[in-house]
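The values are calculated or read from the model by the stated rules, or taken from the named source; none is laboratory data. On a predicted model such as this, the values are computed, not experimentally measured, just so you know. No Cβ is skipped: glycine too gets one built from the backbone with ideal geometry, and neighbour counts run over all protein chains shown. These accessible areas exclude ligands, DNA and RNA; they are computed on the full protein's heavy atoms, side chains included. Shrake-Rupley method; radii C 1.70, N 1.55, O 1.52, S 1.80 Å.
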Amino acid sequence: MRFWKNRRKIVIGIHGVGNKPPERILKHWWERSIREGLKRIGHGDQLFDFELVYWARYLYPEPQKLQFKDKSHPLHIDDPYMPGPSTGTKRAPSRVRKKALNLIEKILDKVFLSERKLFSFDPIADFIIQKKFRDLDLYYQNATIDWAGPDYQARVLIRHALAQTLRKHRKDNIMLIAHSMGSIVAYDVLTQEVPGVSIHTFVTLGSPLGLPAIMKRILRQMHQDPGILKKAPTPENIRHAWYNVSDLNDTIAVNYSLADDFAKNPLGVGPQDIIVNNDYEFEGERNHHKSYGYLRTTEVAEVIYQFLLEKEPTLYERLKRFSIPLFRSA
């Protein structure tokens, strides 16, 4: 007899910056990439439920399409899904690159996070975001999307898309996988929109969350002084684990380590950094930031498999954990 019925497990993904293929295709490509990873670790037949939060529709009036072969066409798909090798290619992280990235992080933190400078670097941070990260700039400015109408605000709609999906699955065990800018949206939604929805496992892929310009905005959104508080909080609704996955050659995740940027939540959960080899390649060109390459790494596959495999404790085990006796002696 079981005292506790296992809740349904759901893997929810949220994509990153840029226009995307139609939702149906992108969802299929994410699923195929996850399936590739599970196959690499010997569990390709593992069943899983998956939903994709597709927010490109709020910033782009028309999705990318396979029919456009001209690379100069705005709707051409630059990096379509491509199967990788049957076994993941492992390589030891470059110690030289790791040291260089650590040094860059220290310098940027001192420049952007300190408030005790002769002048503010905020305009520089804003300029970088505006020029290099169009979608992120629209998100932070909560810009009105011209082609959609005056009430069409980017940040509100993007956050709502994820919050609505998480609320729909609030009674399920949720693994949330966020790629690139999707990790920023996910962090904001978990801390500000749905703090009451439990997330079993949070996975960030190629995340820019550790960039000083992003950290500064996070701290200020929480009314914290970046010059005093150097760590942002881990969302309290992440119950089991937060895995931050990066390729050292990913230029978006140049601050590959989040463990030293985010404090643990009251449950003792904080980012656990995992360095991987993103093996995505198309027409001879590598893309170390691509979601498909991250999703099929053996490291991410192991995290997903363990989430799917884990059984919830019985009611007896739950009571025992909190030292609540089932029976009292007379």
Query raised in the report: If you check every pair at least six apart or on different chains, which have Cβ atoms under 6 Å apart with a residue in the stretch 10-23 that is acidic (Asp, Glu) first and a residue that is not in a helix (DSSP H, G or I) second?
Result: Glu23/Tyr54
Query raised in the report: Is it the case that some residue within the stretch 251-260 is assigned to a loop (DSSP other than H, G, I, E, B), surrounded by fewer than 16 Cβ atoms within 10 Å (Cβ to Cβ) and at positive phi?
Result: no
Requested in this report: Mind telling me which of the residues Arg134, Arg159, Arg155, Arg170 ends up being at pLDDT 65 or above, basic (Lys, Arg) and within 26 Å of Asn249 (Cα to Cα)?
Outcome: Arg134
Requested in this report: Inspect the stretch 269-282 for any residue being free of Cβ contacts under 8 Å to residues at least 24 places away in the same chain, more than 30 Å from Lys171 (Cβ to Cβ) and among the hydrophobic types (A, V, I, L, M, F, W, C) and give the result as yes or no.
Outcome: no
Report task. Only residues in the stretch 151-177 that are crowded, with 23+ Cβ neighbours inside 10 Å count as the first member; pair them with residues that are outside any loop (DSSP other than H, G, I, E, B) and basic (Lys, Arg), Cβ under 9 angstrom, at least 6 apart or cross-chain, and list the lot. Result -> Ile174/Lys9; Met175/Lys9
Requested in this report: Determine, yes or no, whether Thr201 is within 30 Å of Gly293 (Cα to Cα), of a type in the set (Ser, Thr, Tyr), open to solvent by 10 Å² or more (accessible area, probe 1.4 Å) and modelled with pLDDT of 95 or more.
Outcome: no
Query raised in the report: Any residue at all in the stretch 222-232 that is on the phi < 0 side of the Ramachandran plot, out of contact with any Ser or Thr (no Cβ under 9 Å at 6 or more places or on another chain), surrounded by fewer than 23 Cβ atoms within 10 Å (Cβ to Cβ) and modelled with pLDDT of 85 or more?
Result: yes
Requested in this report: Could you run through the stretch 1-24 and say how many residues are open to solvent by 30 Å² or more (accessible area, probe 1.4 Å), modelled with pLDDT of 95 or more and either of a type in the set (S, T, N, Q) or farther than 22 Å from Gln306 by Cα (or both)?
Outcome: 3
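Every residue, every condition in (1) within 22 Å of Lys9 (Cβ to Cβ); (2) at pLDDT below 95; (3) in contact with a helix residue (DSSP H, G or I) (Cβ under 7 Å, 6 or more places away or on another chain), yes or no:
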site: Ser257; (1), (2), (3): no, yes, no
site: Asp261; (1), (2), (3): no, yes, yes
site: Leu267; (1), (2), (3): yes, no, no
site: Gln272; (1), (2), (3): yes, no, no
site: Tyr280; (1), (2), (3): no, no, yes
site: Gly284; (1), (2), (3): no, yes, no
site: Thr298; (1), (2), (3): yes, no, yes
site: Tyr305; (1), (2), (3): yes, no, yes
site: Glu310; (1), (2), (3): yes, yes, no
Requested in this report: Just give me the residues in the stretch 37-51 being open to solvent by less than 30 Å² (accessible area, probe 1.4 Å) and either in contact (Cβ under 8 Å) with a residue 40 or more places away in the chain or in contact with a Pro (Cβ under 6 Å, 6 or more places away or on another chain) (or both), in sequence order.
Outcome: Gly37, Leu38, Phe50
Requested in this report: Could you tell me whether any residue of the stretch 36-54 is of a type in the set (Ser, Thr, Tyr) and under 21 Å from the mean Cα position of the chain (by Cα)?
Outcome: yes
**Report entry** Tally, over the stretch 261-296, of residues that are open to solvent by less than 10 Å² (accessible area, probe 1.4 Å) and in a strand (DSSP E or B)
**Finding:** 1
